[in-house]
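Notes to accompany the following structure.
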């Protein structure tokens with residue numbers, strides 16, 4: 001796997017999740033497995049099987065996050081500036097037909113969260129915005145058809 005871009009905030013969240021999984025979730029699961037073993041026959045012990053399933057999920061998640069952390073290229077967006085859209089930019093748009101405004105931050109694919117306004121660098125919206133500047137119109141293909149947006153503001157704070 002090659003390096004992938006991520007903001008410092010996204011990288012910190014991944015590290016915090018690994019720490020929580022190792023220091024809180026893993027010990028709790030070990031305790032749950034030990035408690036379930038005390039109940040006898042493991043073949044028909046639902047608590048034991050649930051704890052083992054949870055353990056498998058947590059260990060897999062730890063491996064996944066550690067792999068991502070090892071291949072992350074952290075980009076410090078606080079050092080970026082300008083009016084051209086690039087990775088890390090917060091872009092305020094307005095739909096030219098409906099006057100509906102939206103703000104998105106372009107982030108790495110592993111930290112994208114549409115509810116928080118963070119879109120993946122690989123998303124169609126982000127790909128259409130990259131390289132554009134404030135005042136530019138951008139045509140974006142959406143499931144509902146083509147939409148035209150005007151870039152109102154580009155910031156990196």
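Derivation of every value follows stated rules applied to the coordinates shown; laboratory data play no part. As the structure is a computational prediction, the values presented were derived from the model and not from experiment. Neighbour counts are summed over all protein chains in view; Cβ atoms, including those assigned to glycine, are modelled from backbone coordinates with ideal geometry.
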Gap in Å between the Cα centre of the stretch 35-89 and the Cα centre of the stretch 109-157?
28
Students often check this: by mean Cβ neighbours within 10 Å, which of 46-55, 95-104 ranks highest, and how do the rest follow?
46-55, 95-104
By how many degrees, 0 to 90 and rounded to 10, does the Cα axis of helix 46-70 deviate from the longest principal axis of the chain?
40
Cα gyration tensor, the stretch 38-151 - rounded (a/c under 1.5), prolate or oblate
prolate
If you project the alpha carbons of the stretch 1-98 onto their three principal axes, what span does each projection cover, largest first, in Å?
66, 37, 23
As I understand it, the value is the acute angle between the Cα axis of helix 8-20 and the longest principal axis of the Cα atoms of the chain; what does it come to in degrees, rounded to 10?
10
Tilt, helix 26-37 to longest principal axis of the chain (alpha-carbon atoms), in degrees rounded to tens, equals 30
